[in-house]
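The values are calculated or read from the model by the stated rules, or taken from the named source; none is laboratory data. What you are looking at is a predicted structure, and each value in this text was computed from that prediction instead of being measured. Because the Cβ atoms are built from the backbone with ideal geometry, glycine has one as well, and the counts that use them run over all protein chains shown. Side chains included, ligands, DNA and RNA excluded: accessible areas come from the protein's heavy atoms. Shrake-Rupley method; radii C 1.70, N 1.55, O 1.52, S 1.80 Å.
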Amino acid sequence: MQSNHLRRREFIAFLGSGAVAWPLAARAQQPGMPVIGFLDAGSARERPQVMAAFRQGLAEANYIEGQNVAFEFRWADGQFDQLSKLAADLVRRKVAIIAALGNAAARAAKGATTSIPVVFASSSDPVAIGLVTSLNRPGANLTGVSILNQELESTRLERLIQVVPQATTIAFLVNPDSLTTAVKLREMESAARSFGRQLHVLNARSEREFEMVFTTLEQQRIGAMVVASDNVFSHESADLGQLAARHAVPIIGAYRDFVRAGGLMSYGTDLTDSYRRVGVCVARILKGERAGDLPVQQSTKVEFFINLKTANALGLKIPPSLLAIADEIIK
């Protein structure tokens, strides 16, 4: 089973890195049809909603794939160390613009070119991580969308405690390689102290480490967990949700796919709105505006999902106050 899974992922990565490039490149040679390079650390299998939202943003400016614009996709399939290579390949293919989703993809694109416009989606402060010098006047060849997520970690903790008040120790799952992990840890440790809870930090750099996370939860008898907002967990939200349901652990994540796959709750930015904004920004640049002149947009639309079926299976009662503010309740 494992070998079949690996072969499928390798095949998807093969498609993302080059196998579909020739027909797209052929279409791109049509006069007047710009090519958008698309760079993402995930895989096409995991990100259909991303592409739908991105295409919607383009369509609002009448850019339709195959009619007046073409795509070159580069999916890292979870292999973050491949992003620089994939970004360099897009530059060699002389795409008109690069849409880079996620901090790692954005940094790879920035490192690959100083001339091709780059539009990013960043879940961190783009100034703090060095993508741009200013939100209002980004300068150079980058602009994009700053996704509100890091600021929501303490709220996730608070909502989880409301549902699992008996949990005195809460696990916090982070990616230790993330640029913003140190900041998130400081904020969460402070929040945990204010709620009178102990915080137990768990690390995962990829989905290969998820099973060990749940093994640790069971061995340490930790009663609940908050999953940090991070590209790794965004790309694998559904897998995390399935594991949470299988191991019967109350967990709150940042992304809706986590809840729809069996996780208890999620609270975070509406990513479809964020990625639509990326498409809108790409369209503006294709129409002639300069990336460095476009202010970085801040996506502040958040959503709260509850899986009532999971809550019932865990023997948990969701407070009416939380049910009243949920954007979606899965029954």
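Per-structure values
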| quantity | calculated |
| --- | --- |
| Condition met for ALA324 (farther than 15 Å from ARG156 by Cα, in contact (Cβ under 8 Å) with a residue 12 or more places away in the chain and either among the small types (Gly, Ala, Ser) or not in a loop (DSSP other than H, G, I, E, B) (or both)) | no |
| Complete set of residues in segment 299-321 that are surrounded by fewer than 15 Cβ atoms within 10 Å (Cβ to Cβ) and not in a loop (DSSP other than H, G, I, E, B) | LYS309, ASN312, ALA313, PRO320, SER321 |
| Failed item in (1) at pLDDT below 95; (2) surrounded by fewer than 22 Cβ atoms within 10 Å (Cβ to Cβ); (3) in a loop (DSSP other than H, G, I, E, B), with ALA61 passing the rest | (1) |
| Of the criteria (1) part of a helix (DSSP H, G or I); (2) in contact with a strand residue (DSSP E or B) (Cβ under 9 Å, 6 or more places away or on another chain), which one PHE71 fails | (1) |
| Helices (runs of 4 or more DSSP H) fully within segment 206-292 counting 2 or more residues that are acidic (Asp, Glu) and either surrounded by fewer than 19 Cβ atoms within 10 Å (Cβ to Cβ) or in contact with a Gly (Cβ under 8 Å, 6 or more places away or on another chain) (or both) | 210-219 |
| Number of the exception - GLY111 against (1) within 10 Å of GLY37 (Cβ to Cβ); (2) surrounded by fewer than 24 Cβ atoms within 10 Å (Cβ to Cβ) | (1) |
| Some residue of segment 175-193 being assigned to a helix (DSSP H, G or I), closer than 14 Å to LEU240 by Cβ and open to solvent by 60 Å² or more (accessible area, probe 1.4 Å) | no |
| Answer residue from segment 146-199, given it is among the β-branched types (Val, Ile, Thr) and touching a Ser or Thr at 6+ places or on another chain (Cβ under 6 Å) and is farthest from SER234 (Cα to Cα) among those | THR180 |
| Selected residue (only one of ARG156, ARG137 is of a type in the set (Lys, Arg), part of a loop (DSSP other than H, G, I, E, B) and either in contact (Cβ under 8 Å) with a residue 60 or more places away in the chain or surrounded by fewer than 19 Cβ atoms within 10 Å (Cβ to Cβ) (or both)) | ARG137 |
| Residue, nearest to ILE285 (Cα to Cα), within segment 90-104, restricted to residues that are at pLDDT 95 or above and open to solvent by less than 30 Å² (accessible area, probe 1.4 Å) | ILE97 |
